Amino acid sequence: MSNEHRTERDSLGPVEVPADALYGAQTQRAKENFPVSDLRFSRRFIEALGHVKQAAAKANRGLGLLDEDTAGPILQAAQEVIDGTHDDQFVLDIFQTGSGTSTNMNANEVIANRASELIGAARGSKAIHPNDDVNMSQSSNDTIPTAMHVAARMGIEDDLLPALRALRQALADKAEEFDDVLKSGRTHLMDATPVRLGQEFGGYAAQIEQSIDRIEDASASLSEVALGGTATGTGLNRHTDFPARALEHLSAATGLDFVETDNHFAQQAGKELYVDVHGALNTLATALLKIANDLRLLSSGPTSGIGEISLPVIQPGSSIMPGKVNPVQSEQVMMVASQVTGNHQTLTVANTHGNFELNVMMPVMTHAMLQSIGLLTGSVEAFRSKCVEGIEANRERCEELLELNPSIATALNTAIGYDKASEVAKRAVNERKSVRAVVKEMGLLSEEELEEYLDVRGMTEPGVPGEN
């Protein structure tokens, strides 16, 4: 910013604003009042706020409340905000007034000053007014909640869901590729009856598919927005047709459906829809952490771990141990998942502060939501492209461990009984022999019967071993 300043005024008096700033007095005050962190509203939220302002201007023009000479420049300036041209003018900390009024005024001032320039007036002249013109028919208390929903839906629909669908397909492809690989199942981290590696990956694909379904449903719920409630939910100072017209324009611009809430008091004071949506993201995070951790454990080794799969080698793993390679993509997913679950706690607590007619923790809720969406999108894309798609099955290792798995004796229950099968399993463990070898030594079944009951592939399907 310039070292030179211009003097602007707000309801509290004169304020010195950098001469080349598009923002004005109220933004400058907030900038000075909240030097809390380096956290700012994301690109996605600024884009959404630009969409809301543009839709409002179109509605007000259509209702005859703004003339074309005023509306036209506002629409152009709002488009520049949508496009990111003025991102450097959104200078306010996330930790500010809980309604987000400071950031709403930041947008109003940037758009008003830019629109004033477009008609040949000076910045700060208020030739086009930030409150009277840009903020017409609105309040921060309905604009910010609306932009919260718009930004979250755009992030989910345009970024996160495509990334998840690609991951689901990559896991499904691996499930098909590995369908013939027989291996030990594990419960409680201990050997269990056999599974196919493809079944494990099919389970991962299904977990992601179920997460997609939950997130799609949750995103659709965000189509209900607070625009039109103005200050306290009553709709004071806006045309009765304003919300419907504005939201029609907003839906057309974003390609997503938005409708006026049936109850502004509920949506402006309560953010249950927002918490519910992040709940779907939180659930996704837990699924991703499980999958990433499984892959990390299944690939452990190379000599003293499970080693049933190999992950792509993408970077050295140690500054001191030559040749060491670590499951770094799994680790980044696990850390992202942890951050998302922490963000869910932030949203949960924040929603308890919908005092009377307004929630007063909306900026931090917005930050937590959009950070989670962005982190999950980037994490999932990297995990898919740099890990999942390059996974290979270590077939010999799977066969080696399966051969020594004492839980194979479970298939003998119907032939020799649980107690005798337990004796076989214990002896197999103690003597480090296969179940098949122990049964032969004990003379419990014929070779033909062993082949029938110890059909390992058959153990991975429903049914009773040995039944015809």
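Computed packing ranks the peptides 157-167, 301-311 as 157-167, 301-311, most packed first, by mean other Cβ atoms within 10 Å.
A value for Rg and Dmax of the Cα atoms in Å was derived from the coordinates, and within the list (i) 30.2, 100; (ii) 25.5, 121; (iii) 23.1, 75 it appears as (i). Computed across the range 404-459, the Kirkwood hydrodynamic radius from all distinct Cα-Cα pairs reaches 10.8 Å. Near the amide H of Ile128, within less than 5 Å, lie the amide hydrogens of Ser116, all on another chain or at least 5 residues away, with H placed in the peptide plane. The range 46-111 and the range 325-339 have Cα centres spaced 38 Å apart.
Projected label points at Asp132 and Glu389, each 7 Å from Cα along the beta carbon direction, are separated by 5.7 nanometres.
Per-residue Karplus couplings for the range 342-348, computed as 6.51 cos²θ - 1.76 cosθ + 1.60 with θ equal to phi - 60°, are listed in order as x, 4, 5, 5, 4, 5, 4 Hz, Gly and Pro entered as x.
Here the range 402-468 and the range 190-239 have alpha carbon centers that stand 44 Å from each other.
Estimate the FRET efficiency between Glu4 and Glu68 by the formula 1/(1 + (r/R0)^6), using the beta-carbon distance for r and 35 Å for R0, to the nearest 0.05. Calculated transfer efficiency: 0.55. The peptide list 45-53, 107-115, put in order of mean Cβ contacts within 10 Å with the highest first, becomes 107-115, 45-53. Counting only DSSP H runs of at least 4 residues, each contributing -39500 (n - 2.57), and dividing by the residue count of the chain, the helix-based mean residue ellipticity at 222 nm comes to -18000 deg cm²/dmol. Label positions at Phe356 and Ala252, each projected 7 Å from the Cα along the C-beta direction, are separated by 3.9 nm. Spin-label pair Lys426-Asn237: with each label point 7 Å from Cα along the Cα-Cβ axis, the two points sit 8.1 nm from one another. Taking 0.36 nm per residue of sequence separation and removing the Cα-Cα distance, the Leu118/Val328 pair yields an extension gain of 70.5 nm. Among the lysines of the chain, pairs at least eight places apart or on separate chains and with Cα atoms under 21 Å apart come to 14. Using each residue's phi in the range 276-290, evaluate 6.51 cos²θ - 1.76 cosθ + 1.60 at θ = phi - 60° and report the 3J(HN,Hα) Karplus result to the nearest Hz, with x for Gly and Pro. With coefficients 6.51, -1.76 and 1.60, one gets 5, 4, 5, x, 5, 5, 4, 5, 4, 4, 5, 5, 4, 5, 4 Hz. Each residue of the range 253-263 was assigned a 3J(HN,Hα) from its phi angle through the Karplus expression (A = 6.51, B = -1.76, C = 1.60, θ = phi - 60°), giving 6, 9, x, 10, 7, 9, 9, 5, 4, 6, 9 Hz with x at Gly and Pro. For the chain, DSSP calls about 90 percent of its internal beta bridges antiparallel. The length gained on full extension between Asp83 and Met190, counted as 0.36 nm times the residue separation minus their Cα-Cα distance, comes to 33.1 nm. Report note on the peptides 278-286, 142-150: ranked by the mean count of other C-beta atoms within 10 Å, highest first, their order is 142-150, 278-286.
Rule-based calculations on the coordinates, nothing more; no lab input. Since we're looking at a predicted model, the values are computed, not measured. As a convention, Cβ positions derive from the backbone with ideal geometry for all residues, glycine included, and neighbour counts pool all protein chains shown.
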